[in-house]
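Chemist: Please read through the structure below; I'll follow up with questions.
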Amino acid sequence: MTVESTAARKPRRSAGSKAGTTGAERTTRTTARKAAEPELVQLLTPEGKRVKNAKNAEYAKYVAGVTPEELRGLYRDMVLTRRFDAEATALQRQGELGLWASLLGQEAAQIGSGRALRDDDYVFPTYREHGVAWCRGVDPTNLLGMFRGVNNGGWDPNGNNFHLYTIVIGSQTLHATGYAMGVAKDGADSAVIAYFGDGASSQGDVAESFTFSAVYNAPVVFFCQNNQWAISEPTEKQTRVPLYQRAQGYGFPGVRVDGNDVLACLAVTRWALDRARDGAGPTLVEAYTYRMGAHTTSDDPTKYRADEEREAWEAKDPILRLRRYLEASNHTDEGFFAELEAESEALGRRVREAVRAMPDPDRFAIFENVYADGHALVDEERAQFAAYQASFATESDSGFAAGSGGN
Amino acid sequence: MAESVTSKNLALAKAINESLRRALEADPKVLIMGEDVGKLGGVFRVTDGLQKDFGESRVIDTPLAESGIVGTAIGLALRGYRPVVEIQFDGFVFPAYDQIVTQLAKMHARSLGKVKLPVVVRIPYGGGIGAVEHHSESPEALFAHVSGLKIVSPSNASDAYWMMQQAIQSDDPVIFFEPKRRYWDKGEVNTEAIPGPLHRAQVVREGTDLTLVAYGPMVKLCQEVAAAAAEEGKNLEVLDLRSVSPLDFDSIQASVEKTRRLVVVHEAPVFFGSGAEIAARITERCFYHLEAPVLRVGGYHAPYPPARLEEEYLPGLDRVLDAVDRALAY
């Protein structure tokens with residue numbers, strides 16, 4: 001670029017009013033995240049006030065009949081999920097878990113979408129969907145086995161139609177799509193939902209799942225929790241256009257919802273699931289939210305993001321805004337919050353005790369379920385392993401190991 | 001041999017076609033998926049006519065996305081289907097390698113046995129047809145190294161027919177390597193036979209002086225080698241492994257205890273290849289029986305060459321005979 005052209009551009013850039021000029025576009029793009037609030041479907045403001053506008057009208061009717069009891073239920077789900085998450089984080093710090101991926105800040109996205117599901121729907125999570133698991137009835141202690149290192153899953157996927165956590169980023173979006181293709185083949189009217197993050201949106205598998213689901217009109221909802229950060233990489237390192245707009249290129253709708261607004265998440269997900277059930281095909285929902293904690297307990301967000309950013313998002317806290325609404329609407333009394341507090345503490349205690357009591361797996365579990373039909377090599381190596389283990393028993397029996405002090 | 005109404009003389013590709021047809025007829029949950037498998041019948045016509053007879057919902061033309069093909073097949077299997085997917089050529093499997101290795105292979109174990117993934121991944125593989133880059137590779141060792149997968153490769157029409165039946169019926173994911181240069185070789189297929197176990201090796205020529213072990217496209221070559229060696233008075237045994245994982249070491253051991261010499265032949269690069277595994281294990285099992293080190297003949301540690309050089313790269317009659325001579329010279 002020449003000096004002249006740079007100089008020539010300056011006045012246009014500083015003018016700022018000519019949206020659509022090259023200079024303005026570039027300025028907007030490079031500061032996209034810091035610019036104006038993105039257009040969101042929102043039903044509840046951070047101050048806890050109901051919103052009614054043209055943008056949310058289509059979705060608002062999906063929660064028009066929501067009762068005070070249901071609202072309290074959503075609140076309870078979010079509070080208990082946050083309490084569970086906090087306990088798991090503490091357990092990691094105490095050395096009881098090898099790792100934890102916190103969902104702090106994403107409770108509304110997960111509870112809102114999770115409570116939109118029917119029992120016969122099927123969920124394909126990534127590894128942070130503790131709130132969705134809660135909605136599916138997966139016992140939260142079962143989520144901790146893989147983080148403690150006693151298994152790689154811990155629940156029967158078909159028990160609650162909640163697939164195992166998938167750690168390879170974005171892989172599960174294809175599983176969800178294939179499963180949804182099967183649902184359509186079966187003539188069933190259930191739907192499938194795939195969770196993934198903004199980082200995963202860069203993966204080829206996610207793009208391929210969009211292609212396949214569109215081509216086969218699969219009844220799948222892609223629920224992207226854009227929590228702004230893929231470990232240390234901001235969304236700008238993943239995309240130059242708002243993520244929900246990706247869907248348009250594949251031929252299905254995309255919608256961006258306030259991911260910290262549980263009502264809006266519930267409404268938009270219900271809408272998308274309805275579309276799927278009606279045979280209208282896939283939908284991309286981008287829940288615009290924020291990961292308040294670290295990516296996992298292994299990273300350090302202070303190295304890559306500013307405190308002010310977190311503080312700005314704290315003001316949009318999903319739990320606080322529903323509480324404000326409940327209180328302003330006289331949908332609760334003090335007893336409700338006190339009881340919930342006690343329930344939270346009991347959950348924390350139960351989780352803590354369950355983790356500490358979790359037995360190490362049997363050592364022969366290494367060889368279990370490698371194959372459904374068996375495999376000669378696995379049989380051979382299991383036998384070698386058994387012989388090796390047995391050799392210690394023999395030493396001990398003969399008194400060889402008597403000095404080791406064990407009993 | 002008495003003519004049987006159930007015995008047909010079929011090209012290997014046609015045998016797979018008839019096997020797929022039988023599977024589609026027998027089980028409504030069986031699906032065929034892949035690029036060009038529908039109207040065209042696959043670039044090798046292995047799925048010819050199947051979409052016409054079973055419809056687009058059973059024989060599914062897919063977008064050109066290998067990871068998508070395998071990833072959606074996993075989802076379909078989770079829903080209770082039994083997908084048989086085609087990867088058009090060996091060198092194109094790598095975009096799907098992640099789904100195969102990190103998902104397809106491991107989900108049964110991760111779910112503590114709750115989830116079964118009866119997916120067959122068909123891969124036409126190997127060279128010798130004068131193809132361009134990425135159309136002639138033998139990546140079986142890359143898959144055999146991964147637990148949770150089963151790897152098989154038929155060498156003849158009858159095995160192709162029956163092994164495909166067994167692969168589809170297996171509750172484990174099976175990588176089914178089809179020797180594309182043998183697609184047009186004909187053989188008797190008895191569709192009423194009772195096949196042997198999928199993973200058992202088969203002695204295809206009895207001998208006493210040395211064992212040649214091969215699978216897929218190299219079995220025919222080894223039979224030719226044995227015939228040529230017989231003219232020089234050497235009596236070679238040829239073992240068709242049929243399965244690379246599990247690998248039937250018992251059958252190899254039995255043969256080596258008889259012949260005391262072993263040469264392993266495959267198209268894939270020798271370095272870290274299946275021949276290395278066979279050599280190591282047979283040395284462990286048969287150390288005191290062996291009269292010579294186990295020798296390997298295969299591809300070089302170099303990219304698969306352009307077609308005009310592939311005969312230099314691929315094991316041929318003379319290269320295998322040379323290895324046989326070296327083993328017999330000990």
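Chemist: Compute a Gaussian network model of chain A, connecting alpha carbons closer than 10 Å, and tell me which residue from A:GLN172, A:GLN384, A:GLN225 fluctuates the most.
Modeler: The residue that fluctuates most here is A:GLN384.
Chemist: Give, rounded to the nearest 20 debye, the magnitude of the charge dipole that chain A has about its Cα centre when Lys and Arg contribute +1 at Cβ and Asp and Glu contribute -1 at Cβ.
Modeler: 2200 debye
Chemist: Are there trypsin sites (Lys or Arg not before Pro) in the stretch A:50-103 that DSSP puts in a loop and that have at most 12 other Cβ atoms within 10 Å, and which ones?
Modeler: Taking the stretch A:50-103 and a limit of 12 other Cβ atoms within 10 Å, the loop trypsin sites (Lys or Arg not before Pro) found are A:LYS52.
Chemist: Tell me, what is the percent relative contact order of the stretch B:5-78, built from C-alpha pairs under 8 Å that lie six or more residues apart?
Modeler: The normalised contact order for the stretch B:5-78 reaches 26 percent.
Chemist: Continuing with the same structure: Among residues other than B:PHE92 whose Cβ falls under 9 Å from its Cβ, what is the net charge (Lys/Arg +1, Asp/Glu -1)?
Modeler: -3
Chemist: Continuing with this model, one more query. Which value, in Å² and to the nearest 10, is the accessible area of A:ILE231 when all protein chains are kept and the probe is 1.4 Å?
Modeler: 80 Å²
Chemist: To the nearest Å, what is the center-to-center distance of the stretch B:162-179 and the stretch A:49-119, using C-alpha atoms only?
Modeler: Using only Cα atoms, the two centres lie 44 Å from each other.
Chemist: In nm, give the distance between the simple-model label positions of A:GLU314 and A:ILE231, each being 7 Å from the Cα along the Cα-to-Cβ direction.
Modeler: 2.7 nm
Chemist: Which value at 222 nm does chain A reach when only helices count, each DSSP H run of 4 or more adding -39,500 (n - 2.57), with the total divided by all residues and rounded to the nearest 500 deg cm²/dmol?
Modeler: Value at 222 nm, helices only: -14500 deg cm²/dmol.
Chemist: While we're looking at this one, here's another question. Within chain A, what percent of beta bridges assigned by DSSP are antiparallel, to the nearest 5?
Modeler: Around 10 percent of the beta bridges assigned by DSSP in chain A are antiparallel ones.
Chemist: Sticking with this one: So how tilted is helix B:12-26 from the main axis of chain B? Cα-based, degrees 0 to 90, rounded to 10.
Modeler: The angle comes out near 40 degrees.
Chemist: Take the alpha carbon atoms of the stretch A:245-339, find their radius of gyration, then divide it by 2.2 N^0.38 Å using N residues; give the quotient.
Modeler: This ratio for the stretch A:245-339 stands at 1.42.
Chemist: Dividing the alpha-carbon Rg of the protein assembly as shown by 2.2 N^0.38 Å yields what?
Modeler: 1.12
Chemist: Next question. Which value, in debye to the nearest 20, describes the size of the charge dipole of the protein assembly as shown about its Cα centre when Lys and Arg Cβ atoms bear +1, Asp and Glu Cβ atoms bear -1, and nothing else is charged?
Modeler: 2280 debye
Chemist: Right, here's the next one. Among all the lysines, which ones have a C-alpha under 21 Å from A:LYS185's C-alpha, if same-chain residues fewer than 8 places away are not counted?
Modeler: Within the straight-line cut-off, A:LYS185 pairs with B:LYS29, B:LYS39, B:LYS52, B:LYS116.
Chemist: May I pose another question? Bin by bin, in steps of 10 Å, what percent of the Cα pairs in chain A do you find, going until the bin that has the longest distance?
Modeler: Per 10 Å bin, starting at 0, the Cα pair percentages come out as 4, 19, 28, 24, 12, 7, 4, 1, 0, 0.
Chemist: Something else now. Just the number, please: percent antiparallel of the DSSP beta bridges in the protein assembly as shown, rounded to the nearest 5.
Modeler: Antiparallel bridges: around 20 percent, rounded to the nearest 5.
Chemist: Further question: In whole percent, what relative contact order does the stretch A:128-266 give with Cα contacts below 8 Å and a gap of six or more residues?
Modeler: 17 percent
Chemist: Another question, then. For B:HIS266, tell me the accessible area in Å² from a 1.4 Å probe, rounded to the nearest 10.
Modeler: 0 Å²
Chemist: Apply the Karplus curve 6.51 cos²θ - 1.76 cosθ + 1.60, θ = phi - 60°, to the phi angles in the stretch B:148-164 and return the couplings in whole Hz, x for Gly and Pro.
Modeler: x, 9, 10, 10, 10, 7, x, 10, 8, 4, 5, 5, 4, 5, 6, 5, 5
Chemist: When Lys and Arg each count +1 and Asp and Glu each count -1, what net charge do the other residues less than 15 Å away from B:ALA11, Cβ to Cβ, add up to?
Modeler: +3
Chemist: Convert each backbone phi in the stretch A:228-235 into a coupling constant with the Karplus relation 6.51 cos²θ - 1.76 cosθ + 1.60 (shift: θ = phi - 60°), then list the ³J(HN,Hα) values in order as whole Hz, x for Gly and Pro.
Modeler: 6, 9, 9, 6, 9, 9, x, 4
Chemist: How much of the DSSP beta bridge set in chain B is antiparallel, as a percent to the nearest 5?
Modeler: For chain B, the DSSP antiparallel bridge percentage is about 25.
Chemist: Where q = 0.07, 0.09, 0.11, 0.13 Å⁻¹, what log10 of I(q)/I(0) comes from the Debye formula for chain B, counting one point per Cα?
Modeler: Here the Debye-derived log intensity ratios amount to -0.27, -0.46, -0.68, -0.95.
Chemist: For the stretch A:264-272, just list the computed ³J(HN,Hα) in residue order, Karplus coefficients 6.51, -1.76 and 1.60, θ = phi - 60°, integers in Hz, with x standing in for Gly and Pro.
Modeler: Values per residue, Gly and Pro as x: 5, 5, 4, 5, 5, 5, 4, 4, 5 Hz.
Chemist: For a quick check: with amide H placed at 1.01 Å from N, whose amide H comes under 5 Å from B:ILE60's, ignoring anything fewer than 5 positions away on the same chain?
Modeler: Residues meeting the criterion, in which the H sits 1.01 Å from N, are B:ILE32, B:MET33, B:GLY34.
Chemist: Now, a different point. When the helix-only estimate is applied to chain B (DSSP H runs of n ≥ 4, each -39,500 (n - 2.57), divided by the residue count), what is the mean residue ellipticity at 222 nm, nearest 500 deg cm²/dmol?
Modeler: Roughly -10000 deg cm²/dmol at 222 nm, from the helical runs in chain B.
Chemist: Roughly how many Å² of B:ASP27 are accessible to a 1.4 Å probe, to the nearest 10?
Modeler: 50 Å²
Chemist: Please list, ordered by chain and number, the residues whose modelled amide H lies under 5 Å from the amide H of B:ALA11; skip anything fewer than 5 residues away on the same chain.
Modeler: It is B:GLY187, by chain and number.
Chemist: Taking only C-alpha pairs under 8 Å that are 6+ residues apart, what is the relative contact order of chain A in percent?
Modeler: Relative contact order comes out at 21 percent.
Chemist: Hey, another quick one. Is the shape of the stretch B:74-159 best called rounded, prolate or oblate, per the rule: a/c under 1.5 gives rounded, else a/b larger than b/c gives prolate, else oblate, with a ≥ b ≥ c the square roots of the Cα gyration tensor eigenvalues?
Modeler: The shape class here is prolate.
Chemist: I'd like the trypsin sites (Lys or Arg not before Pro) in the stretch A:195-259 restricted to DSSP loop residues with at most 13 other Cβ atoms within 10 Å, sorted by number.
Modeler: Loop-located and lightly packed - A:ARG240.
Chemist: Please list, ordered by chain and number, the residues whose modelled amide H lies under 5 Å from the amide H of A:VAL257; skip anything fewer than 5 residues away on the same chain.
Modeler: A:VAL41, A:GLU286, A:ALA287, A:TYR288
Chemist: Using +1 at the Cβ of each Lys and Arg and -1 at the Cβ of each Asp and Glu in the protein assembly as shown, identify which of A:MET78, A:GLY178, B:TYR125 lies farthest towards the dipole's positive end.
Modeler: Of the options given, the answer is A:MET78.
Chemist: Within the stretch A:288-385, which chymotrypsin sites (Phe, Trp or Tyr not before Pro) sit in a loop by DSSP and count at most 14 neighbouring Cβ atoms inside 10 Å?
Modeler: Of the chymotrypsin sites (Phe, Trp or Tyr not before Pro), the ones in loops of the stretch A:288-385 whose Cβ has at most 14 other Cβ atoms within 10 Å are A:TYR304.
The values are calculated or read from the model by the stated rules, or taken from the named source; none is laboratory data. These numbers were taken from a predicted model, which means no experiment stands behind them. We place every Cβ from the backbone using ideal geometry, glycine too, and count neighbours over all the protein chains shown. Each accessible area value is taken on the protein alone, full model and side chains, heavy atoms only, with ligands, DNA and RNA left out. Shrake-Rupley method; radii C 1.70, N 1.55, O 1.52, S 1.80 Å.
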